[in-house]
1. How long is the gain from Ser200 to Gln91 if the chain were fully straight, where each residue apart is worth 0.36 nm and the alpha carbon distance is subtracted?
2. Quick check on segment 85-201: what are the equivalent-ellipsoid semi-axes from the Cα gyration tensor, as sqrt(5λ), descending, whole Å?
3. Within a 10 angstrom radius of the beta carbon, how do Lys172, Lys51 rank from fewest other beta carbons to most?
4. Quick one: go through segment 123-145 and flag any residue whose amide nitrogen is under 17 Å from the point 7 Å out along the Cα-to-Cβ line of Ser117.
5. Scan segment 105-150 for trypsin sites (Lys or Arg not before Pro) in coil per DSSP, keeping those whose Cβ has at most 11 other Cβ atoms within 10 Å, and list them by number.
6. Cut-off is 10 Å between beta-carbons; in what order do Ser39, Ser117 appear when sorted fewest neighbours first?
7. When averaged across all projection directions, what area in nm² does the alpha-carbon convex hull of segment 16-70 cover?
Amino acid sequence: MSTPTVVSVKGRPRSCIADAAIDSAALELFADEGFERFSIEAVAARAGVGKATIYRRFANRDELLAHAMRHFDVDVQQASSDGDFWDVLTQLLDEIREASPDSLRSRIMIRVLSEGSRHPQLQEMVAERVIRPRHLRLSTYLERGVSQGQLRRDLDIEATIALLVGPMVWLKMLRLTPAHGSATTASIVEVLRLGLAPASHL
């Protein structure tokens, strides 16, 4: 009978539970306290792990937050071609605005908008993970609308995105929802539709 081979493993295996707790604590801490008060020590305390557990994974707070952001807002799918063009566009914008201003994603985005100019690395981190994927999805959908005749052929895609997203960010920053008497996403889209659609579709 042969002796089984023993494979030596250096260090303790990483805990998936600890990984999830660290990521969650990092995002919650950033949303609550902002980047200036974001630290490995504070994340460790909130996650219920030792500082050494985090330092085995990340060299500094920037690496930690960047990793947590990779698990944040990952559900970005291509816009469905099913349904009315304007209804789908409204749904895409609703995802940016969100019904609840107290959600984790809303709180994080408000932090980024308010602190990004002071911390360029933070702004770039969120731009790569959150903003650019949504920008691509929205621009792709608008280009589809042009090709299908739903939108004017001379439409400036970038200017249109600014016109559509700007009100969503404004309402998010003011923490206004339709329940507070603010404009609905659908009503904003309807106002813009008059300038975006070809005359034959008005």
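Only the coordinates and a few stated rules stand behind these numbers; no lab work does. Keep in mind that what you see is a predicted model, and the values were worked out from it rather than measured. A quick note on method: Cβ atoms are made from the backbone with ideal geometry, for glycine too, and the neighbour counts reach across all protein chains shown.
1. Residue separation times 0.36 nm, minus the Cα-Cα distance, leaves 36.9 nm.
2. In descending order the semi-axes read 26, 18, 11 Å.
3. Final ranking by Cβ density, sparse to dense: Lys51, Lys172.
4. 123-124
5. Arg118
6. Ser117, Ser39
7. 3.2 nm²
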